[in-house]
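These notes concern the structure reproduced below.
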Amino acid sequence: QVQLVESGGGLVQAGGSLRLSCSALGIFFRINRMGWYRQSPGNQRELVATISNGGNTNYADSVKGRFTISRDNANNRVDLQMSNLRPEDTADYYCNANYLVTNNTLTYNRVAWGQGTQVAVSS
């Protein structure tokens, strides 16, 4: 019921910056936590950063001080500003949203994932 549309990936040199954006489309009652995860070949998907609908943030230690997650609740969008990128940041980045749907009687928790956007950092 929620589709996440990502944009902003690409190729950048080490030390450069990229900004990822993700918009949530569809029918839902409320979006709670949104975030970004990444997965590189041969590795498990890992958390990069999350943000609550109140603005509380959480970052992986490897990106603290370099990445900033932000959110526009009015437009159901989450952004990830990535600075001082390193070759080890190369991965497919996935947007994630935890949201609620309701039938006016019961409320259900759901999780949505984006299709992924590639980030490649050259040394």
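Okay, here's what the table says:
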quantity: Computed over segment 61-123, Kirkwood Rh from alpha-carbon pairs, angstrom; calculated: 14.2 Å
quantity: Rg over Rh [alpha-carbon atoms, Kirkwood Rh] for the chain; calculated: 1.00
quantity: Carbon/sulfur fraction of accessible area - the chain, other protein chains in place, 1.4 Å, %; calculated: 44 percent
quantity: Quotient of Cα Rg and 2.2 N^0.38 Å for segment 49-92, N being how many residues it contains; calculated: 1.23
quantity: Hz values of 3J(HN,Hα) by residue in segment 77-89 - Karplus curve (6.51, -1.76, 1.60), Gly and Pro given as x; calculated: 10, 10, 10, 10, 8, 10, 10, 6, 5, 10, x, 6, 7
quantity: For the chain, share of DSSP beta bridges that run antiparallel, in % to the nearest 5; calculated: 90 percent
quantity: Charge dipole of the chain about the Cα centre (unit charges at C-beta), most positive-ward option of Gln118, Asn98, Gly8; calculated: Asn98
quantity: Dipole magnitude of segment 16-123 about its Cα centre (Cβ charges: Lys, Arg +1; Asp, Glu -1), debye to nearest 20; calculated: 220 debye
quantity: Added length on full extension, which subtracts the Cα-Cα distance from 0.36 nm per residue, Arg66 to Asn43; calculated: 6.1 nm
quantity: Solvent exposure of the chain as accessible area per residue, Å², 1.4 Å probe; calculated: 54 Å²
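The values are calculated or read from the model by the stated rules, or taken from the named source; none is laboratory data. Keep in mind that what you see is a predicted model, and the values were worked out from it rather than measured. Virtual Cβ from ideal backbone geometry, glycine too; neighbours counted across all protein chains shown. Protein only, heavy atoms only, side chains kept; ligands, DNA and RNA dropped before computing areas. Shrake-Rupley method; radii C 1.70, N 1.55, O 1.52, S 1.80 Å.
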